[in-house]
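For reference, the structure is listed below as structure tokens.
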Amino acid sequence: MNHILPLIVAIPLGMAVVTLLLSKAAKRIADFTAFLTTAVCLVLSFVLLGTTKTAYWMGGWYPPFGITLVFDGLTAMLLLIINSVGFLATVYSLSYMEKYTAKPKYYALFLLMVAGMNGVVLTGDLFNMFVFLEIASIASYALVGFGVEHEELEASFKYLILGTVASTMMLLGVGLTYAMTGTVNMADASRMLMSMPATRTMAFAAGAFIMGFSLKSGLVPFHAWLPDAHPSAPAPISAMLSGVLIKALGVYAMARVIFDVLGAQPIYLNIMITLGAISMVVGGFLAIGQWDFKRMLAYSSISQIGYVVIALGLGTHLGFIAGLFHMFNHSSFKSLLFLSSGSIEHSTGTKNLRRLGGLGTKLPVTSSSTAVGALSISGIPPFNGFFSKMLIILACVQAQRWVLAALAAGVSVITLVYFLKAMRYSIFGELPKAQEKIKEVPFPMAFSLITLSVICLGIGIAFLVSPTFGDAILKPAADVLMDGLKNNASSYISTVLGG
Amino acid sequence: MNFKEMTRSDTLGMTVVVKTIARLVMSFILLFGLYIVLYGHLTPGGGFAGGVIIAIGYVLLVLAFGGKVALNKLSNFWASMWDNLGALSFVCITFLGLTGGYFATNFVAHGTPGELLSAGTIPLSNIAIGIKVGASLYAILIGLSIYGRIVTEED
Amino acid sequence: MIGHSSLYIMDIALLGMGLYAIIAKRHVIKKIIGVAIVEYAINLFLILIGYRMDGIAPIQAEGMTSAEFAKMAVDPLPQALVLTSIVIGLGTLALMASQAIKLYEKYKTFDMSEINRLRG
Amino acid sequence: MLALLHVLLFFMIVGSIVAIETKNMLSAVIAVGAVGFGVSLIFMFLGAPDIAITQVIVEVLSLVILIRATVFMDNRSIEKKVDSFATITGLLFLGFLLMSAIWAFTDITPFGEPLMRVSRRYLSGAASETGAVNAVASVILDYRAYDTLGEAIVLFTSVLGAFTILRRKGKKDEYHDKAAHEEFGIIE
């Protein structure tokens, strides 16, 4: 039994409460505890990378009677993404959040959001997934509205209403699964479902699950909240939402439930591909017209999540590798771009591209990190985005989905177009008169930007030079999905239930 | 909106009849809440239901006497303090489960089923949840109903 | 027909009413009411799933053996799930109410069609 | 019993229609409260006294919150003509949901005959394994204590979030209404 598994959830949970308590005595402590907690979580997630598949029985009750935590390749990858972006966003917040009031509350909510996401990716129990999904979601609703101005409140309210619908849909799916299988343990439910004929009720449950998770990940017919919520939040929260939250609560949860519980039937995969393709195209086209930098990034998130969902829906090993790689990369460059946009806003006071320009000379760190992020996301070699997009297109070709491959290639050109527009109007061009006196961001913010830029470049080069990265992180994760597709999740079931 | 625009019942409370009855009933409500919390492992109810009942007792105070009197009995600061402490003690109970071998183990001796002092950590957790729920719901209600427009604190 | 799935379908109708309110109504309070109805429906659905015909409440009376109890009581697991779900619903409601207050303070209206600074 | 449940559910659907369509916000909130009490009545009949108690008191608290926090501020309904696109979308969605439920629930586990694969163990083992005679309490605080930890944290998060949202000003160096603040002596 590996006691790190419950600790990586419980430490941020407990520290959120402790942060609030201690900050009543001295407000400055909150900075320190939040930094420390996310650092510890990051270290723990690195420690966990080396461990094998394992299950942890909460309270000593063996499954399916108690709640089980399950650790496998997919979980390891998600934990790494969540906690590294969480750590860098915390470092960034140290200076960025100075202009907001109530910093301890911000850190407490932030830690709760991280804990909720860690709980979602670790759990092996459907209802427990719902509970932790709600922790992460509720914390994010409050964080989106953290500025308590008109736009923030409006975005936060819309997000809350649609988020609650999503959670309810998921709970409906859990209830139906319980009705048909008599258990809420994922592995046990999967084993039961494999042993009985397909029922209409489970098809209905799958529909509820897919609708709920699509709402959470902002796929296109269900995306209405995303372009409002992501730009309205403070920059580190935008980075967390776009970089991690929609992946952990949306894509990961959808993949886990479809591949490991419901069984990956072709119709579910086709639904995923359809939703993904629509999101990819619509998100890309809507992004071109935006003049608000953060709003453009939000639409770009919809488009890029479309890529991930398409690749996962292909149902081939290369597709899984490509999708997971793009998920990993997207979390690095999208959080980098959101943090950069926050830095631009911090220095210049605006995020409207029409009022920006010529930042290249004045803000060297911010503009080079913006450039790195933009080049990565548009798929320029040798940055990491190029390799994952290329793999996705190759996977589409390999699966003989020619239309998808063409769409993916076309949308990547569109991506390049709108990011060239963003760079043209922010970094290059003429510096407006009003912004002669702008200054570069303070060290903690610059640290996060530089680290993420190095990650973007480093992963691209590492992927090119040696297979270690793919073998250590991507392959175990892809194997989990492959096992769900080909062997009815037998390896997952035996990890949890034994035998 | 500001303080001056608040209605009379927000600041001064309701009539004498209501106040007298509220004073009488309040202690019974709190007692009942306490009973529900403590006997949660034996009868229907539990920490959450009991905590809400305790909160409702204070809500009655808020509605009948106005926010000022209620805040004198239990200030917002202490309400959020109890809230944090309740949550923290529940987290601690689950952490202490590690001494029983796993996270969230019921590590205290179970005793005889049906007695008040039985079921290991279940009554303890019920008490922690009761404190947490009661305090936080009281705080949120006073924040929403009376100070909805006035809660302005910087932190 | 009655008794097999009609209760479930009526419950889904209740859920649909709540979703309809969320989609179609523009008043903030109506949207909150829609969320509340959706939550009732889903809680009720879980309890309906766990009901055993003529079952007793899952509290073991004195003098009843565990084997007898297990044959008579209704399913306790959905009840535990619903308890959690009710609490989550209350928390969501508190957050929604605070957002509604602040929205009213800023926009001086509860009409969502006038609360539309974000678009595009 | 079954007929009673059908009648109750029917009245709840009617109550929810009233709550959604009425023009007066106070009556809408009262109607949704009536639906909630209907839910707790059904819980009572279905052998779930724990949930029934909780539902009733949560209902009371939600009504107080909704009325004091929102309806008190503005009881007007929206006079303008209805948004026909949204209404049609909502009705279509409702119809689609109902149709697919009628299609799907032909093979659902029948009402009144739960599978109880896992729960049988909870019922037969609760008293001896956890020491609690209330099987629901033993499930939420022992077998699934981790869920309850999550539940407590959800409530903690939402209360914290509500206080975060209720801050008067989000960013520093803006107007700060100090007078009203000091009047009530709120420190936190």
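What are the extents of the Cα atoms of the stretch D:119-169 along their three principal axes, listed from largest to smallest and rounded to whole Å?
55, 14, 11
For a quick size check, give me the Cα extents of the stretch C:6-107 along its three principal axes, largest first, whole Å.
Ordered largest first, the stretch C:6-107 gives principal extents of 62, 29, 13 Å.
What is the ratio of the Cα radius of gyration of chain D to 2.2 N^0.38 Å, with N the residue count, to two decimals? Can you show the working numbers first?
Working: Rg = 22.6 Å, N = 188, 2.2 N^0.38 = 16.1 Å.
Chain D yields a ratio of 1.41.
How big is the Kirkwood radius of the stretch A:414-499, worked out from every pair of different alpha carbons and given in Å to one decimal?
Working: mean 1/r = 0.0557 Å⁻¹.
Over the stretch A:414-499, the inverse of the mean reciprocal pair distance is 18.0 Å.
Quick one: compute the contact order of the stretch D:1-75, relative version, from alpha carbon pairs under 8 angstrom and 6+ residues apart, as a percent. Write out the running numbers ahead of the final one.
Working: 57 pairs, mean separation 21.3, N = 75.
Relative contact order, the stretch D:1-75: 28 percent.
Using alpha-carbon positions, what is the distance between the centroids of the stretch C:90-120 and the stretch A:108-155, in Å?
19
Assuming R0 = 25 Å, what is the FRET efficiency of A:LYS27 and B:ASN72, from their Cβ-Cβ distance, to the nearest 0.05?
Calculated transfer efficiency: 0.40.
What is the sum of charges, Lys and Arg at +1 and Asp and Glu at -1, for the other residues whose Cβ falls under 13 Å from the Cβ of B:PHE48?
Details: positive: B:LYS132; negative: D:ASP50, D:ASP147, D:GLU151.
That sum, taken over residues with Cβ under 13 Å, equals -2.
Which three numbers, in whole Å and largest first, are the semi-axes of the equivalent ellipsoid of the protein assembly as shown derived from its Cα gyration tensor as √(5λ)?
Numbers: eigenvalues 330, 232, 144 Å².
Square roots of five times the eigenvalues give 41, 34, 27 Å.
Going by how many other beta carbons lie within 10 Å of each one, how would you line up D:SER84, C:SER85, fewest first?
Details: D:SER84 9, C:SER85 26.
Fewest-to-most Cβ neighbours within 10 Å comes out as D:SER84, C:SER85.
Compute the relative contact order of the stretch C:21-120 as a whole-number percentage, counting only Cα pairs closer than 8 Å that sit 6 or more residues apart in sequence. Before the final figure, lay out the partial values.
Numbers: 72 pairs, mean separation 32.8, N = 100.
With pairs under 8 Å counted, the relative contact order is 33 percent.
Based only on other Cβ atoms within 10 Å, what is the fewest-to-most ordering of A:MET170, D:MET99?
Fewest-to-most Cβ neighbours within 10 Å comes out as D:MET99, A:MET170.
What value, in deg cm²/dmol to 500, does the helix sum -39500 (n - 2.57) over DSSP H runs of n ≥ 4 give at 222 nm once divided by the residues of chain D? Mind dumping the intermediate values first?
Working: 8 runs with 123 residues, N = 188.
Per the formula, -21500 deg cm²/dmol.
So if the hydrodynamic radius of chain A is defined as the Kirkwood radius over C-alpha pairs, what does Stokes-Einstein give as its diffusion coefficient at 10 °C and 1.306 mPa s, in µm² per second? Each step should come with its number before you reach the end.
On the way: Rh = 22.4 Å.
Approximately 71 µm²/s, per Stokes-Einstein.
At a Förster radius of 25 Å, what calculated FRET efficiency corresponds to the Cβ-Cβ distance of C:GLU105 and A:ILE278, to the nearest 0.05? Walk me through the numbers before you get to the answer.
Working: r = 38 Å, r/R0 = 1.52.
Taking R0 as 25 Å, the efficiency between C:GLU105 and A:ILE278 is 0.10.
What FRET efficiency, computed as 1/(1 + (r/R0)^6) with R0 = 30 Å and r the Cβ-Cβ distance, is obtained for D:ALA86 and A:GLU151, rounded to the nearest 0.05? Could the numbers behind the result be given before it?
Details: r = 22 Å, r/R0 = 0.73.
Plugging the Cβ-Cβ distance into 1/(1 + (r/R0)^6) gives 0.85.
Helix-only mean residue ellipticity at 222 nm, chain A, DSSP H runs n ≥ 4 weighted -39,500 (n - 2.57), per residue, nearest 500. What is it?
After summing the helix terms and dividing by residue count, I get -24000 deg cm²/dmol.
Can you compute the modelled spin-label distance between A:PHE428 and B:ARG23, with each label point 7 Å from Cα toward Cβ, in nm?
For the pair A:PHE428/B:ARG23, the computed spacing is 7.9 nm.
Over chain A, what is the relative contact order in whole percent, taking alpha-carbon pairs under 8 Å and six or more residues apart? List each step's numbers first, then the result.
Working: 879 pairs, mean separation 83.3, N = 499.
Contact order relative to length: 17 percent.
Output ³J(HN,Hα) for the stretch A:238-254: one whole-Hz value per residue in order, computed from phi by the Karplus curve 6.51 cos²θ - 1.76 cosθ + 1.60 with θ = phi - 60°, and x for Gly and Pro.
Karplus values, whole Hz, x for Gly and Pro: 4, 4, 5, 5, 6, x, 10, 4, 5, 7, 5, 7, x, 5, 4, 4, 5.
Which chymotrypsin sites (Phe, Trp or Tyr not before Pro) from the stretch A:89-129 combine a DSSP loop assignment with at most 16 other Cβ atoms within 10 Å? Don't jump to the answer; show the numbers that get you there.
Numbers: sites: A:TYR92, A:TYR96, A:TYR100, A:TYR106, A:TYR107, A:PHE110, A:PHE127; in loops: none.
Passing sites in the stretch A:89-129 do not exist.
Arrange A:PHE386, A:PHE209 by Cβ neighbour counts within 10 Å, fewest through most, would you?
Numbers: A:PHE386 21, A:PHE209 26.
Least to most surrounded, the residues fall as A:PHE386, A:PHE209.
Describe numerically, in nm with one decimal, the distance between label points set 7 Å from Cα along Cα→Cβ at A:SER490 and at D:VAL14.
Result: 5.7 nm between the two label points.
Just round it to a whole percent: the fraction of Cα-Cα distances in the stretch A:1-141 exceeding 25 Å.
Details: 2617 of 9870 pairs.
Of the Cα pairs, 27 percent sit more than 25 Å apart.
Over all residues in A:111-120, what is the mean tally of Cβ atoms on other chains that come within 10 Å of each residue's Cβ? Spell out each step's value before the answer.
Working: counts 0, 6, 1, 0, 3, 4, 0, 0, 4, 0.
Across A:111-120, the average partner-chain Cβ count within 10 Å equals 2.
Pop a pseudo-label 7 angstrom from the Cα along the beta-carbon direction at both A:VAL465 and A:VAL413 and give the gap in nm to one decimal.
Computed distance between label sites A:VAL465 and A:VAL413 equals 3.4 nm.
Specify the residue with the greatest mean-square fluctuation among D:LEU149, D:LEU160, D:LEU63, computed from a Gaussian network of chain D linking alpha-carbon atoms under 10 Å apart.
Most flexible of the set in this elastic network: D:LEU160.
Which whole number gives the average, over all residues in A:211-224, of C-beta atoms from other chains lying within 10 Å of the residue C-beta? Please report the intermediate quantities before stating the final value.
Numbers: counts 0, 0, 0, 0, 0, 0, 0, 0, 0, 0, 0, 0, 0, 0.
Per residue, the average neighbour count from other chains is 0.
Gap in Å between the Cα centre of the stretch A:1-27 and the Cα centre of the stretch A:405-464?
About 34 Å separates the Cα centre of the stretch A:405-464 from the one of the stretch A:1-27.
Could you give the radius of gyration (one decimal) and Dmax (whole number) of the Cα atoms in the stretch D:1-75, in Å?
13.4, 42
For the stretch A:264-465, take the convex hull of the Cα atoms, compute a quarter of its surface area, and give me that in nm², please. Don't skip to the end; give the middle numbers.
Values: hull surface 43.4 nm².
Averaging across all directions leaves 10.8 nm² for the Cα convex hull.
Would you give the gap between the C-alpha center of the stretch D:27-63 and the C-alpha center of the stretch C:3-59, rounded to a whole Å?
The stretch D:27-63 and the stretch C:3-59 have Cα centres separated by 12 Å.
Counting partner chain Cβ atoms within 10 Å of every residue's Cβ in D:18-25, what's the average?
Other-chain Cβ atoms within 10 Å of each residue's Cβ, averaged: 4.
GNM, chain D, Cα, under 10 Å: largest mean-square fluctuation among D:ARG144, D:ARG168, D:ARG117?
Top of the fluctuation ranking is D:ARG168.
Just so you know, all these numbers are worked out from the coordinates, no wet-lab data involved. Since the model is a prediction, treat every value here as computed from it, not as a measurement. Note that each Cβ is placed from the backbone with ideal geometry, even for glycine, and that neighbours are counted across all protein chains shown.
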